[in-house]
Amino acid sequence: MSLRKTTLAIAAITLIGCGAAPAGQSEAFSDSQKEEIGEIVRDYLTSNPEVLQEMIVALEEKQQEEAAELAAKGIKEHGEALFNPEPIYIAGNPNGDVTIVEFFDYRCGYCRGAVVDLQKLLDEDPNVRLVLKEYPVLGPASLQASQAAIAAGMQGKYVEFHWALMSLDQAITEESIFMVAGQIGLDVERMKKDMESDDVAEKLGANIELARALGINGTPNFVIGEDVIPGAIPYSAMVELVGEARKADES
């Protein structure tokens, strides 16, 4: 290989290792050099595909570390808003020694699928406290369902409405939301008015800001102890995580 190509090859491999060129570095090469570097990179990755796989793994690990750091920082800085907000919606034991915080969306299939395991956990472990956080990310119907739930809380029936809507065996729509409200004895007309109130908007806005501070982008997401766990958690894992959080508090 010529000295010129060797120099470009070294530059190409350096770019691969760095993942991106530092600011201003790409301007150091001419258009023809950039094109040649691109060809070298392609040839190198084609001949050594394991390098690309290693880079992907390294990137994922870095992203996970950054997410964990952001979550830990968010929990530390926003602990009161996370675990003891006002108003607070709690299922299970309000004075439980372990708190689970769930960020959820009523239209999220994984959130709805987690209901049975969550209810089982609360039944089996009387010292678990479940803080429920509306986080409507799946469109207008999700927002409307969250507004309705908070409005139900103004009538003292948040948790009852929450479980009923989460367990509904049909699509979450305006019609089904108000149907559930009527079935559990809510004043539907009052609910409709309360849904448009500033109080409801502020509550949802606070939840969204809190989720972003923790690096939460989707649902469900659980906070147990000092950990943010994305995605649905099977019952056995819930029990294990609760046990670990309880031991950490005792130590």
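What follows draws every value from the coordinates through simple rules; no lab data is involved. Quick caveat, the model's predicted, so the values are computed rather than measured. Cβ: placed from backbone, ideal geometry, glycine included. Neighbour counts: every protein chain shown.
For the pair Asp43 and Ile88, what calculated FRET efficiency results from E = 1/(1 + (r/R0)^6), where r is the Cβ-Cβ distance and R0 = 51 Å, to the nearest 0.05?
On the way: r = 59 Å, r/R0 = 1.17.
It comes out at approximately 0.30.
Reachable aspartates and glutamates from Lys73, Cα under 15 Å, same-chain residues fewer than 8 places away excluded?
The reachable aspartates and glutamates, counting only those whose Cα sits under 15 Å from Lys73, are Glu65, Glu209, Glu226, Asp227.
Determine the gain in length on full extension of the stretch Ala248-Lys192; use 0.36 nm per residue of separation and subtract their C-alpha separation, reporting nm with one decimal. Before the final figure, lay out each step's value.
Numbers: separation 56, 0.36 × 56 = 20.16 nm, distance 4.35 nm.
In short, 15.8 nm is gained.
By count of other Cβ within 10 Å, fewest leading, how are Phe178, Phe222 ordered?
Numbers: Phe178 17, Phe222 23.
Final ranking by Cβ density, sparse to dense: Phe178, Phe222.
With θ taken as phi - 60° and the coefficients 6.51, -1.76 and 1.60, list the Karplus ³J(HN,Hα) couplings across region 222-233 in order, rounded to whole Hz; mark glycine and proline as x.
10, 10, 10, x, 9, 10, 9, 10, x, x, 5, 10
Among Val200, Tyr110, Gly153, flag the residue with its Cα farthest along the positive direction of the charge dipole of region 95-225, charges on Cβ as +1 for Lys/Arg and -1 for Asp/Glu.
The one lying farthest along the dipole's positive direction is Tyr110.
If neighbour count is taken as other Cβ atoms inside 10 Å, put Asp227, Asp31 in order from fewest to most.
Working: Asp227 14, Asp31 7.
Arranged by neighbour count, lowest to highest, Asp227, Asp31 become Asp31, Asp227.
Can you figure out the FRET efficiency of Asp123 with Glu50, using R₀ = 45 Å and their beta-carbon distance, to the nearest 0.05? Write down the numbers at each step before the final one.
On the way: r = 49 Å, r/R0 = 1.09.
About 0.40, to the nearest 0.05.
If you take the square roots of the eigenvalues of the alpha-carbon gyration tensor of region 204-251 and sort them as a ≥ b ≥ c, do you get rounded (a/c under 1.5), prolate (a/b over b/c) or oblate? The partial results should precede the final answer.
On the way: a/c = 3.32, a/b = 1.66, b/c = 2.00.
Here region 204-251 falls in the oblate category.
With θ set to phi - 60°, apply the Karplus curve 6.51 cos²θ - 1.76 cosθ + 1.60 along region 50-58 and write out the HN-Hα couplings as whole Hz, x wherever there is a Gly or Pro.
Rounded to whole hertz, the list is 5, 5, 4, 4, 4, 5, 5, 4, 4.
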